[in-house]
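Colleague: Next up is a structure, given as structure tokens.
The values are calculated or read from the model by the stated rules, or taken from the named source; none is laboratory data. Keep in mind it's a predicted model, so treat the numbers as computed, not measured. As a convention, Cβ positions derive from the backbone with ideal geometry for all residues, glycine included, and neighbour counts pool all protein chains shown.
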Amino acid sequence: MAEGCKERKSSMKRAWITIGSFDGIHLGHQKIINNLVEGAKRTDVPSIVITFFPHPAAYIKKITDPYYLTSPEEKDRILSKLGVSSILTVHFNHCISRLSPRDFISSLHRQLKFSCLLVGYDFRLGADREGDLGRLEYLGNKMGFCVRAIAPLQHQSKPISSSIIRAALENGDLSTANTILGYPYSIEGLVVHGDGRGKHIGIPTANLSVWKKKLLPAKGVYAAFALINRRKFPTVVSIGFRPTFYEIAEQQTVEAHIINFSDQIYGMQIKLQFISRLRQEKKYTSVNELMEQIRKDISDAEEALTNDTTPTDISS
């Protein structure tokens, strides 16, 4: 079921595992992962995360718009940094979606012989989400593994979730998104050639080609850090359709003006860490008016980034 399971079976025996989508790996996810890693270390067994791609909700609801907080590569990188022994990604499809909780857990247990399953307080598994905590505990008693539910973390009296982060990003609310994530929301992309307008007006920008399924913050201008060759640079990022230049733009762009930076980075992969939203996207009456606003954006970004207290990025 999960690629690589059979080859690793012997080394994974008696492991502690957790199962979930873990999109974003926010503070609630991190609490589960930390309990998993610490518990596995205490009992001297591996810690394994079983996750899914595509995201089950995106697959079942046929979501085609950008949705993901983390790409599979980002997710693997963060989980590895948190100390997980192994990550097994299940390709989520129609067959997997129709498996009963018993069939899914039985198949997994035959392959891994895991000894303990950690899940979130509201975890559900299997066709029609029938595999709740009570069902999993019943299966654990039958198959010989323990089940431990991890209590949720709260934000403004509500359990934190990936859906709250998505809603915050869609509103440009980086403060809420970064607080719940426990690290700055980021995107990665290849620097590609744009239309050259930034360079022409004296404010060069790096245009990023970003994974199309990655959720971008709302249209607007942001203070961010650009990570290039393990170095960090203050940056102004514009996300939108450039209404000053185009009445109807064909596609949304991500443009980064890296402050006091002049190196050639075309063709390079860079990362942008979003810290705060400076303003909404706006159409200006002239290029001079736009340039005046951009100079203000640069000043505002430098101030925001100097005073940044966002936690360290665990996704780098």
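Colleague: If you go through region 85-102 one residue at a time, do you hit one that is among the polar types (S, T, N, Q), modelled with pLDDT of 95 or more, farther than 20 Å from F53 by Cα and over 17 Å from the mean Cα position of the chain (by Cα)?
Modeller: Scanning region 85-102 turns up no residue that is among the polar types (S, T, N, Q), modelled with pLDDT of 95 or more, farther than 20 Å from F53 by Cα and over 17 Å from the mean Cα position of the chain (by Cα).
Colleague: With respect to I314, is the statement that it is assigned to a loop (DSSP other than H, G, I, E, B), in contact (Cβ under 8 Å) with a residue 40 or more places away in the chain, aliphatic (A, V, I, L, M) and outside the structural domain of K75 (by TED's automatic domain parsing) true?
Modeller: Details: assigned to a loop (DSSP other than H, G, I, E, B): yes; in contact (Cβ under 8 Å) with a residue 40 or more places away in the chain: yes; aliphatic (A, V, I, L, M): yes; outside the structural domain of K75 (by TED's automatic domain parsing): yes.
It is true that I314 is assigned to a loop (DSSP other than H, G, I, E, B), in contact (Cβ under 8 Å) with a residue 40 or more places away in the chain, aliphatic (A, V, I, L, M) and outside the structural domain of K75 (by TED's automatic domain parsing).
Colleague: Another question, then. The conditions are (1) more than 24 Å from G24 (Cα to Cα); (2) part of a loop (DSSP other than H, G, I, E, B); (3) modelled with pLDDT of 95 or more, and E247 fails exactly one of them. Which is it?
Modeller: (3)
Colleague: Does I165 qualify as being modelled with pLDDT of 95 or more, under 18 Å from V49 (Cα atoms) and aliphatic (A, V, I, L, M)?
Modeller: Numbers: modelled with pLDDT of 95 or more: yes; under 18 Å from V49 (Cα atoms): no; aliphatic (A, V, I, L, M): yes.
No; evaluated as a whole, the condition is false for this residue.
Colleague: Can you tell me which residue among Y222, Y266, Y284 is among the aromatic types (F, W, Y) and either part of a helix (DSSP H, G or I) or surrounded by 19 or more Cβ atoms within 10 Å (Cβ to Cβ) (or both)? Full working, then the answer.
Modeller: Working: Y266 fails: either part of a helix (DSSP H, G or I) or surrounded by 19 or more Cβ atoms within 10 Å (Cβ to Cβ) (or both); Y284 fails: either part of a helix (DSSP H, G or I) or surrounded by 19 or more Cβ atoms within 10 Å (Cβ to Cβ) (or both).
Testing whether each residue is among the aromatic types (F, W, Y) and either part of a helix (DSSP H, G or I) or surrounded by 19 or more Cβ atoms within 10 Å (Cβ to Cβ) (or both) leaves just Y222.
Colleague: Can I ask one more? Going by the structure shown, is K62 within 30 Å of T312 (Cβ to Cβ), at pLDDT 95 or above and charged (D, E, K, R)? Full working, then the answer.
Modeller: Numbers: within 30 Å of T312 (Cβ to Cβ): no; at pLDDT 95 or above: yes; charged (D, E, K, R): yes.
The answer is no for K62.
Colleague: Can you tell me which of L36, L69, L88, L82 is buried (at least 20 other Cβ atoms within 10 Å of the Cβ), over 20 Å from D122 (Cβ atoms) and touching a residue at least 24 places away in the same chain (Cβ under 8 Å)? Before the answer, list the steps.
Modeller: Values: L36 fails: over 20 Å from D122 (Cβ atoms); L69 fails: over 20 Å from D122 (Cβ atoms); L82 fails: buried (at least 20 other Cβ atoms within 10 Å of the Cβ).
Of the residues listed, the single one that is buried (at least 20 other Cβ atoms within 10 Å of the Cβ), over 20 Å from D122 (Cβ atoms) and touching a residue at least 24 places away in the same chain (Cβ under 8 Å) is L88.
Colleague: Residues that are closer than 21 Å to H26 by Cβ: find the helices (runs of 4 or more DSSP H) completely inside region 63-142 holding 1 or more of those.
Modeller: Values: elements: 72-81, 94-97, 101-112.
Answer list for region 63-142: 72-81.
Colleague: Give me the residue from region 258-295 that is closer than 14 Å to I228 by Cα and among the charged types (D, E, K, R) and, out of that set, modelled with the lowest pLDDT.
Modeller: Filtering region 258-295 for residues that are closer than 14 Å to I228 by Cα and among the charged types (D, E, K, R), the one modelled with the lowest pLDDT comes out as D263.
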